[in-house]
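S.K.: Take a look at the following structure, please.
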Amino acid sequence: MSFEHGKPKTTIPSPEQQQYQNDNNVNNDNDNDKASAIASTPPTDTVPPITHEGQMPQKKFYRSRAHCNPLSFNEAFDYPPRPDLFDWTEEHYPNHPQLSDCGTDAGEFSASSAQIHPTVLDVGCGFGGLTLALSALLPEETILGLEIRSKVTEYVRLRILASRKEAMGTGASIAGCDGDGETHDAEKEDGETHDAEKDGTETDATDRDDPNDKRASHRPTHQNASVLRTNAMKYLPNHIPPRSLSKLFFCFPDPHFKKKNHPRRIVSTRLLTEYAHWLKPGEGKLYCITDVRDLHEWHVERCEEHPLFEEVTEEEMEGDECVWAMRTETEEGKKVRREGRE
């Protein structure tokens, strides 16, 4: 029955609806037979994961809303009381290239592991395109992607693990611990380039042959890249020590168009003061990119007004490979290029 202006109206079912009803009637007639079959099937306690660790995840299984309100996001996050109490090598960088002491037990701080902490942050890393690209561009740095959405964070974690596994299979250089606790440095080998996206997975920036790409001469291990699920506007002081970051990235953040929501913007006068606290004096750089003109002008205005930041020259930006990566390796950046809005 459907109703129009309060009067009942009889509708004739379509052929598809009639077939659906007929199928249901047949199913109802066989309910007793199916009940015994279902009862005899043992229940399954565990559901197999969508993606096993080491496999490249498919993005279609990890889609989520583009943005959320960080000021009202009340899910619980694990965080240390102080940055120096967090061992980044335990879960995030177990085979970091800078690790030298491989004989310590799991969970125990060593002299080298205490020195491993993120030096480059990709805040709101999305599906991890820039995080992995920076890991290749900046092999001497420790890259950490920050993401507040759980499904997207899991996608990036699995993507990094799969990229590490692929790098080990192609003989990429890895300085770290093997199964016997010995330090090793595998020789680099030239591997075939990876095909373009397959089955919803993505390839890394280093897997394409580009004569203008300086990274094409080597294949990264991605042992210096990881991802952390957290709310950067609340818990960054618990993870990052002061004056420890060389680069801080904000790629295509939520514009928060309404004036009442401007305090939610990731770049503000108050937050710039905090970012300056974590960046290395005279060396640290803050990177912002957006496809919204009003938000771009907001970023420029806030940074120009802040006494601890100064704008770099156009020549310096054009020569910075990280700027190129922001435009070409992020999901939003690729969309802008496809639509010709550069």
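The values are calculated or read from the model by the stated rules, or taken from the named source; none is laboratory data. On a predicted model such as this, the values are computed, not experimentally measured, just so you know. Don't worry about glycine lacking a Cβ; one is built from the backbone with ideal geometry, like all the others, and counts go over all protein chains shown. Heavy atoms of the whole protein, side chains included, go into the accessibility calculation; ligands, DNA and RNA do not. Shrake-Rupley method; radii C 1.70, N 1.55, O 1.52, S 1.80 Å.
S.K.: Could you please find all residues in region 282-324 being under 16 Å from Cys251 (Cα atoms) and surrounded by fewer than 17 Cβ atoms within 10 Å (Cβ to Cβ)?
M.R.: Of everything in region 282-324, those that are under 16 Å from Cys251 (Cα atoms) and surrounded by fewer than 17 Cβ atoms within 10 Å (Cβ to Cβ) turn out to be Asp291, Val292, Arg293, Asp294, His296, Glu297, Val300, Met317, Asp320, Glu321, Val323.
S.K.: Does region 230-262 hold any residues that are assigned to a helix (DSSP H, G or I) and buried (at least 16 other Cβ atoms within 10 Å of the Cβ), and which are they?
M.R.: Listed by number, the residues that qualify are Ala232, Met233, Tyr235, Leu236, Asn238, His239.
S.K.: Could you pull out the residue among Arg265, Arg327, Arg338, Arg270 that is modelled with pLDDT under 95 and open to solvent by less than 40 Å² (accessible area, probe 1.4 Å)?
M.R.: After applying the criteria, what remains is Arg265.
S.K.: Mind checking which residues of region 125-167 are within 19 Å of Gln98 (Cβ to Cβ) and open to solvent by 10 Å² or more (accessible area, probe 1.4 Å)?
M.R.: Leu137, Leu138, Pro139, Glu140, Glu141, Arg164
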